[in-house]
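The structure appears below as C-alpha coordinates.
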Amino acid sequence: MKEVTTVGQTVEEALQSALQQLDTTEEQVEIDVLDEGKKGLFGLFGQRPASVRVRKKADPIEESTAYLLSIAAQLGVHPDIQVEKTGKHVRFSLSGERIALLIGKRGQTLNALEQLTQLVINRYSTNFIHFTLDAENYRERREETLVALARKMAKKALVTGKPVRLEPFPSFERKVIHKALAENRQVRTFSEGKEPRRYIVIEPKSV
Amino acid sequence: MEELILAIVSPLIDHPEEMTIEKREEEHKDIYRLFLHSDDIGKVIGKQGRVAKAIRTIVTAANADHSKKVYVEIAE
(Lines give C-alpha, C1' and ligand atoms only; values in the text may rest on other atoms or scores of the structure.)
Protein backbone atom coordinates (compact mmCIF):
# COMPACT_ATOMS: atom_id res chain seq x y z
CA MET A 1 0.00 0.00 0.00
CA LYS A 2 1.41 3.36 -1.07
CA GLU A 3 -1.33 5.88 -0.44
CA VAL A 4 -4.32 6.20 1.91
CA THR A 5 -6.95 8.81 2.62
CA THR A 6 -8.11 8.95 6.21
CA VAL A 7 -10.49 10.99 8.35
CA GLY A 8 -10.32 11.97 11.99
CA GLN A 9 -11.62 14.60 14.36
CA THR A 10 -8.48 16.64 13.79
CA VAL A 11 -5.81 16.68 11.08
CA GLU A 12 -3.36 15.17 13.55
CA GLU A 13 -5.69 12.31 14.33
CA ALA A 14 -6.31 11.58 10.66
CA LEU A 15 -2.57 11.66 10.03
CA GLN A 16 -1.79 9.25 12.85
CA SER A 17 -4.34 6.80 11.58
CA ALA A 18 -2.88 7.04 8.07
CA LEU A 19 0.66 6.42 9.35
CA GLN A 20 -0.59 3.39 11.23
CA GLN A 21 -2.27 2.01 8.13
CA LEU A 22 0.83 2.57 6.02
CA ASP A 23 3.03 1.25 8.81
CA THR A 24 5.48 4.12 8.49
CA THR A 25 6.61 7.39 10.08
CA GLU A 26 5.92 11.04 9.34
CA GLU A 27 9.38 11.56 7.75
CA GLN A 28 8.71 8.99 5.05
CA VAL A 29 5.48 10.38 3.69
CA GLU A 30 4.03 13.29 1.77
CA ILE A 31 0.87 14.74 3.28
CA ASP A 32 -2.02 16.53 1.59
CA VAL A 33 -4.55 18.04 3.93
CA LEU A 34 -7.86 17.63 2.09
CA ASP A 35 -10.04 19.10 4.80
CA GLU A 36 -9.03 20.88 8.01
CA GLY A 37 -12.29 19.76 9.58
CA LYS A 38 -14.66 21.82 11.75
CA LYS A 39 -15.46 21.35 15.36
CA GLY A 40 -19.01 22.61 14.92
CA LEU A 41 -21.17 24.37 17.41
CA PHE A 42 -21.17 22.66 20.81
CA GLY A 43 -19.81 19.66 18.95
CA LEU A 44 -23.21 19.21 17.41
CA PHE A 45 -23.96 21.38 14.42
CA GLY A 46 -21.85 21.86 11.33
CA GLN A 47 -19.28 19.37 12.49
CA ARG A 48 -16.98 18.08 9.78
CA PRO A 49 -14.19 15.58 10.17
CA ALA A 50 -10.63 16.42 9.09
CA SER A 51 -9.32 14.47 6.17
CA VAL A 52 -5.79 13.86 4.85
CA ARG A 53 -4.25 12.03 1.98
CA VAL A 54 -0.92 10.44 2.87
CA ARG A 55 1.47 9.01 0.34
CA LYS A 56 4.61 7.02 1.04
CA LYS A 57 7.66 8.71 -0.44
CA ALA A 58 9.34 6.56 -3.04
CA ASP A 59 12.35 4.84 -1.54
CA PRO A 60 15.32 4.78 -3.99
CA ILE A 61 16.39 1.28 -3.02
CA GLU A 62 12.87 -0.13 -3.18
CA GLU A 63 12.25 1.49 -6.57
CA SER A 64 15.54 0.36 -8.04
CA THR A 65 15.28 -3.25 -6.84
CA ALA A 66 11.77 -3.38 -8.31
CA TYR A 67 13.15 -1.95 -11.56
CA LEU A 68 15.94 -4.48 -11.78
CA LEU A 69 13.65 -7.38 -10.94
CA SER A 70 11.11 -6.34 -13.56
CA ILE A 71 13.78 -6.30 -16.29
CA ALA A 72 15.23 -9.62 -15.08
CA ALA A 73 11.75 -11.16 -15.07
CA GLN A 74 11.34 -10.14 -18.72
CA LEU A 75 14.56 -11.99 -19.42
CA GLY A 76 13.14 -15.00 -17.61
CA VAL A 77 15.46 -14.69 -14.60
CA HIS A 78 14.33 -14.29 -10.99
CA PRO A 79 17.41 -13.42 -8.97
CA ASP A 80 17.75 -12.75 -5.25
CA ILE A 81 19.08 -9.28 -4.56
CA GLN A 82 21.27 -8.59 -1.58
CA VAL A 83 21.50 -4.88 -0.80
CA GLU A 84 24.48 -3.23 0.90
CA LYS A 85 24.38 0.45 1.73
CA THR A 86 27.42 2.32 3.02
CA GLY A 87 27.12 6.10 3.01
CA LYS A 88 26.37 7.21 -0.54
CA HIS A 89 27.42 3.91 -2.00
CA VAL A 90 24.81 1.26 -2.75
CA ARG A 91 25.70 -2.20 -3.95
CA PHE A 92 23.33 -4.90 -5.16
CA SER A 93 24.52 -8.48 -5.42
CA LEU A 94 22.48 -10.81 -7.57
CA SER A 95 22.38 -14.54 -7.07
CA GLY A 96 20.27 -17.41 -8.25
CA GLU A 97 19.69 -19.51 -11.31
CA ARG A 98 20.64 -18.44 -14.82
CA ILE A 99 22.52 -15.38 -13.55
CA ALA A 100 24.93 -15.71 -16.48
CA LEU A 101 22.17 -14.30 -18.68
CA LEU A 102 22.29 -11.09 -16.63
CA ILE A 103 26.08 -10.87 -16.83
CA GLY A 104 26.51 -11.39 -20.55
CA LYS A 105 29.69 -11.53 -22.58
CA ARG A 106 32.49 -9.85 -20.59
CA GLY A 107 29.88 -8.41 -18.25
CA GLN A 108 28.31 -6.18 -20.86
CA THR A 109 24.73 -6.95 -19.80
CA LEU A 110 25.66 -6.48 -16.14
CA ASN A 111 27.27 -3.14 -16.95
CA ALA A 112 24.20 -2.02 -18.91
CA LEU A 113 21.90 -3.04 -16.04
CA GLU A 114 24.16 -1.23 -13.58
CA GLN A 115 24.05 1.93 -15.61
CA LEU A 116 20.26 1.92 -16.00
CA THR A 117 19.62 1.02 -12.36
CA GLN A 118 21.94 3.83 -11.29
CA LEU A 119 19.70 6.22 -13.23
CA VAL A 120 16.58 4.93 -11.51
CA ILE A 121 18.08 4.97 -8.01
CA ASN A 122 19.15 8.59 -8.50
CA ARG A 123 15.78 9.61 -9.89
CA TYR A 124 14.31 8.84 -6.49
CA SER A 125 17.20 9.98 -4.32
CA THR A 126 17.91 13.55 -3.25
CA ASN A 127 21.67 12.91 -2.88
CA PHE A 128 23.76 11.33 -5.57
CA ILE A 129 24.14 7.60 -4.99
CA HIS A 130 27.07 5.70 -6.38
CA PHE A 131 25.71 2.37 -7.49
CA THR A 132 27.45 -0.94 -8.12
CA LEU A 133 25.80 -4.06 -9.44
CA ASP A 134 27.42 -7.42 -8.92
CA ALA A 135 26.31 -10.95 -9.71
CA GLU A 136 27.74 -14.12 -8.22
CA ASN A 137 30.98 -12.27 -7.36
CA TYR A 138 31.53 -11.43 -11.01
CA ARG A 139 33.26 -8.13 -10.26
CA GLU A 140 35.87 -9.73 -8.04
CA ARG A 141 36.51 -12.60 -10.44
CA ARG A 142 36.78 -10.13 -13.30
CA GLU A 143 39.31 -8.06 -11.37
CA GLU A 144 41.47 -11.14 -10.82
CA THR A 145 41.29 -11.94 -14.53
CA LEU A 146 42.28 -8.38 -15.45
CA VAL A 147 45.22 -8.34 -13.03
CA ALA A 148 46.46 -11.66 -14.43
CA LEU A 149 46.09 -10.33 -17.96
CA ALA A 150 47.97 -7.15 -17.06
CA ARG A 151 50.92 -9.13 -15.63
CA LYS A 152 51.04 -11.46 -18.61
CA MET A 153 50.99 -8.61 -21.12
CA ALA A 154 53.64 -6.67 -19.17
CA LYS A 155 55.87 -9.72 -19.42
CA LYS A 156 55.20 -9.91 -23.14
CA ALA A 157 56.13 -6.24 -23.57
CA LEU A 158 59.42 -6.85 -21.76
CA VAL A 159 60.29 -10.00 -23.68
CA THR A 160 59.55 -8.48 -27.10
CA GLY A 161 60.78 -5.02 -26.15
CA LYS A 162 57.76 -3.58 -27.95
CA PRO A 163 54.60 -1.85 -26.71
CA VAL A 164 51.59 -4.15 -26.27
CA ARG A 165 48.13 -2.85 -27.15
CA LEU A 166 45.24 -4.43 -25.28
CA GLU A 167 41.63 -4.73 -26.41
CA PRO A 168 39.29 -1.88 -25.52
CA PHE A 169 38.00 -1.97 -21.94
CA PRO A 170 35.57 0.29 -20.10
CA SER A 171 37.22 2.94 -17.93
CA PHE A 172 36.79 1.17 -14.58
CA GLU A 173 38.41 -1.96 -15.99
CA ARG A 174 41.31 0.02 -17.44
CA LYS A 175 41.79 1.49 -13.99
CA VAL A 176 42.26 -2.00 -12.57
CA ILE A 177 44.95 -2.72 -15.18
CA HIS A 178 46.76 0.60 -14.68
CA LYS A 179 46.73 0.00 -10.94
CA ALA A 180 48.01 -3.56 -11.30
CA LEU A 181 51.07 -2.30 -13.17
CA ALA A 182 51.60 0.98 -11.34
CA GLU A 183 54.26 -0.58 -9.12
CA ASN A 184 56.01 -2.35 -11.96
CA ARG A 185 59.10 -0.24 -12.64
CA GLN A 186 59.96 -1.92 -15.90
CA VAL A 187 56.84 -0.88 -17.81
CA ARG A 188 54.59 2.12 -18.12
CA THR A 189 50.93 2.13 -19.10
CA PHE A 190 48.69 4.66 -20.79
CA SER A 191 45.43 4.71 -22.74
CA GLU A 192 44.88 5.54 -26.36
CA GLY A 193 41.84 5.99 -28.59
CA LYS A 194 38.38 7.33 -27.93
CA GLU A 195 35.62 5.86 -25.79
CA PRO A 196 34.13 3.33 -26.10
CA ARG A 197 37.12 1.91 -27.96
CA ARG A 198 39.76 3.32 -25.64
CA TYR A 199 42.47 0.78 -24.96
CA ILE A 200 45.58 0.39 -22.84
CA VAL A 201 49.13 0.32 -24.11
CA ILE A 202 51.83 -1.34 -22.01
CA GLU A 203 55.27 -0.14 -22.93
CA PRO A 204 58.68 -1.26 -21.67
CA LYS A 205 60.49 1.62 -19.97
CA SER A 206 63.64 2.36 -21.86
CA VAL A 207 66.51 2.84 -19.47
CA MET B 1 9.99 -7.79 -26.43
CA GLU B 2 7.72 -4.73 -26.21
CA GLU B 3 7.15 -5.52 -22.54
CA LEU B 4 10.88 -5.68 -21.87
CA ILE B 5 11.41 -2.33 -23.58
CA LEU B 6 8.56 -0.85 -21.54
CA ALA B 7 10.03 -2.26 -18.32
CA ILE B 8 13.42 -0.72 -19.13
CA VAL B 9 12.35 2.65 -20.45
CA SER B 10 9.21 3.77 -18.63
CA PRO B 11 10.83 4.15 -15.17
CA LEU B 12 13.48 6.40 -16.73
CA ILE B 13 11.14 8.99 -18.19
CA ASP B 14 8.74 11.68 -17.02
CA HIS B 15 5.90 10.94 -19.43
CA PRO B 16 5.61 7.15 -19.66
CA GLU B 17 1.96 7.48 -20.64
CA GLU B 18 3.03 9.17 -23.87
CA MET B 19 5.38 6.43 -24.88
CA THR B 20 4.41 4.11 -27.72
CA ILE B 21 6.34 1.34 -29.41
CA GLU B 22 5.97 0.52 -33.06
CA LYS B 23 7.28 -2.78 -34.34
CA ARG B 24 8.37 -3.25 -37.89
CA GLU B 25 9.42 -6.68 -39.12
CA GLU B 26 11.85 -7.08 -41.93
CA GLU B 27 13.42 -10.20 -43.31
CA HIS B 28 16.44 -10.39 -41.04
CA LYS B 29 15.56 -7.88 -38.40
CA ASP B 30 12.84 -6.59 -36.11
CA ILE B 31 12.83 -2.87 -35.58
CA TYR B 32 11.26 -1.34 -32.51
CA ARG B 33 10.68 2.35 -32.78
CA LEU B 34 10.04 4.24 -29.56
CA PHE B 35 7.92 7.35 -29.73
CA LEU B 36 8.50 9.55 -26.74
CA HIS B 37 7.54 12.91 -25.32
CA SER B 38 10.11 15.42 -26.57
CA ASP B 39 11.36 16.07 -22.99
CA ASP B 40 12.14 12.38 -22.56
CA ILE B 41 14.22 11.80 -25.66
CA GLY B 42 17.43 13.07 -24.10
CA LYS B 43 16.90 10.87 -21.04
CA VAL B 44 16.58 7.76 -23.15
CA ILE B 45 19.57 8.58 -25.33
CA GLY B 46 21.86 9.89 -22.59
CA LYS B 47 25.28 11.50 -22.80
CA GLN B 48 27.11 10.17 -25.86
CA GLY B 49 24.19 7.78 -26.39
CA ARG B 50 25.17 5.79 -23.32
CA VAL B 51 21.65 5.08 -22.11
CA ALA B 52 20.48 4.10 -25.59
CA LYS B 53 23.45 1.77 -25.83
CA ALA B 54 22.65 0.14 -22.48
CA ILE B 55 19.03 -0.36 -23.57
CA ARG B 56 20.17 -1.98 -26.81
CA THR B 57 22.61 -4.23 -24.94
CA ILE B 58 19.82 -5.63 -22.78
CA VAL B 59 17.40 -5.99 -25.67
CA THR B 60 20.10 -7.89 -27.58
CA ALA B 61 20.72 -10.12 -24.56
CA ALA B 62 17.00 -10.92 -24.43
CA ASN B 63 17.10 -11.81 -28.09
CA ALA B 64 20.11 -14.14 -27.81
CA ASP B 65 18.32 -17.33 -28.83
CA HIS B 66 16.63 -15.93 -31.93
CA SER B 67 18.01 -15.71 -35.40
CA LYS B 68 16.70 -12.24 -36.18
CA LYS B 69 18.53 -9.09 -35.24
CA VAL B 70 16.76 -6.53 -33.12
CA TYR B 71 17.05 -2.80 -33.54
CA VAL B 72 15.78 -0.11 -31.24
CA GLU B 73 15.18 3.34 -32.65
CA ILE B 74 14.20 6.43 -30.77
CA ALA B 75 11.85 8.99 -32.25
CA GLU B 76 9.79 11.99 -31.22
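What is the angle, in °, between the Cα long axis of helix A:171-181 and the longest principal axis of the Cα atoms in chain A? Nearest 10 is fine, range 0 to 90.
Approximately 40 degrees, to the nearest ten.
Once amide H atoms are placed 1.01 Å from N in the peptide plane, what residues at a sequence separation of 5 or more from A:T10, or on another chain, have their amide H within under 5 Å of its amide H?
The list, which skips near neighbours in sequence, is A:A50.
Find the centroid of the Cα atoms in region A:1-60 and in region A:122-182, then give the distance between the two in whole Å.
Result: 53 Å between the Cα centres.
Mind listing the long-range amide H neighbours of A:R188? Cut-off is under 5 Å, sequence gap 5 or more, other chains count too, H placed in the peptide plane at 1.01 Å from N.
Those lying under 5 Å, H to H, from A:R188 are A:E203, A:K205.
Give the cross-link partners of A:K38 among the aspartates and glutamates, using a straight C-alpha distance below 19 Å as the criterion and excluding same-chain residues fewer than 8 apart.
Within reach: A:E12, A:E13.
Under the definition of partner shielding as Cβ atoms of other protein chains within 10 Å of a residue Cβ, what is the mean value for peptide B:4-15?
Values: counts 5, 1, 2, 9, 8, 1, 2, 12, 5, 1, 1, 0.
Counting other chains' Cβ atoms within 10 Å and averaging over B:4-15 gives 4.
Nearest 5 is fine: what % of DSSP beta bridges in the protein assembly as shown come out antiparallel, could you say?
Values: 36 of 49 bridges.
Around 75 percent of the beta bridges assigned by DSSP in the protein assembly as shown are antiparallel ones.
Using amide H atoms built 1.01 Å from N in the peptide plane, name the residues 5+ places from B:V72, or on other chains, whose amide H lies under 5 Å from its own.
B:Y32
Using a loss threshold of 50 Å², tell me which positions in region A:109-126 are less accessible in the complex than in their chain alone. Probe radius 1.4 Å, ligands and nucleic acids ignored.
Listed in order, they are A:Q115, A:L116, A:R123.
For region A:54-207, with all protein chains present and a 1.4 Å probe, just round the carbon and sulfur fraction of the accessible area to a whole percent. Write out the running numbers ahead of the final one.
On the way: 4540 of 9110 Å².
Carbon and sulfur together cover 50 percent of it.
Share of region B:2-75's accessible area from carbon and sulfur, percent, 1.4 Å?
Answer for region B:2-75 is 46 percent, counting heavy atoms of protein chains only.
In what order, largest first, do B:E73, B:E22, A:E173, A:E27 sit by accessible area if the probe radius is 1.4 Å? Before the final figure, lay out each step's value.
On the way: B:E73 60, B:E22 100, A:E173 5, A:E27 135 Å².
Descending accessible area places them as A:E27, B:E22, B:E73, A:E173.
Please compute the net charge surrounding A:Q20, taking Lys and Arg as +1 and Asp and Glu as -1 over other residues with Cβ under 12 Å from its Cβ.
Numbers: positive: none; negative: A:E13, A:D23, A:E26.
Here the count lands on -3.
Interface size between chain B and chain A, please: total buried accessible area, 1.4 Å probe, rounded to the nearest 100 Å². Could you put the intermediate results ahead of the total?
Working: alone 5050 and 13670 Å², together 17310 Å².
Using a 1.4 Å probe, the pair buries roughly 1400 Å².
Could you run the Karplus curve 6.51 cos²θ - 1.76 cosθ + 1.60 with θ = phi - 60° over region A:50-63 and give me ³J(HN,Hα) per residue in whole Hz, x for Gly and Pro?
Coupling constants for region A:50-63: 6, 9, 10, 10, 10, 10, 5, 5, 5, 9, x, 6, 4, 5 Hz.
Other chains near A:69-80: what is the mean number of their Cβ atoms within 10 Å of each residue's Cβ?
Details: counts 1, 7, 6, 2, 3, 11, 6, 1, 0, 0, 0, 0.
Counting other chains' Cβ atoms within 10 Å and averaging over A:69-80 gives 3.
How well do other chains shield peptide B:55-62, expressed as the mean number of their Cβ atoms within 10 Å of each residue Cβ? Don't skip to the end; give the middle numbers.
Working: counts 3, 1, 10, 11, 2, 4, 11, 6.
Mean partner-chain Cβ count within 10 Å for B:55-62: 6.
From the helices alone, meaning DSSP H stretches of at least four residues, give me the mean residue ellipticity at 222 nm for the protein assembly as shown, per-run term -39500 (n - 2.57), in deg cm²/dmol to the nearest 500. Don't jump to the answer; show the numbers that get you there.
Numbers: 9 runs with 110 residues, N = 283.
Estimated from H runs of four or more residues: -12000 deg cm²/dmol.
I'd like the FRET efficiency for A:V7 and A:H78, computed as 1/(1 + (r/R0)^6) with the beta carbon distance as r and R0 of 51 Å, rounded to 0.05. Walk me through the numbers before you get to the answer.
Numbers: r = 41 Å, r/R0 = 0.80.
The formula returns an efficiency of 0.80 here.
Evaluate the charge dipole of the protein assembly as shown about its Cα centre and quote only its size in Debye, nearest 20, assuming +1 on the Cβ of each Lys and Arg and -1 on the Cβ of each Asp and Glu. Please list the in-between numbers first.
Details: 44 positive and 43 negative charges, 466 e Å.
Value, rounded to 20: 2240 debye.
How much net charge surrounds A:R188 when only the other residues with a Cβ under 10 Å from the Cβ of A:R188 are counted, with Lys and Arg +1 and Asp and Glu -1? Let's see the in-between values first.
Numbers: positive: A:R185, A:K205; negative: A:E203.
Here the count lands on +1.
The values are calculated or read from the model by the stated rules, or taken from the named source; none is laboratory data. Just so it is clear, the structure is predicted and the values come from calculations on it, not from any experiment. Every residue, glycine as well, gets a Cβ built from its backbone with ideal geometry; the counts of neighbours run over all protein chains shown. Just the protein is used for accessible areas: all its heavy atoms, side chains included, with ligands, DNA and RNA removed. Shrake-Rupley method; radii C 1.70, N 1.55, O 1.52, S 1.80 Å.
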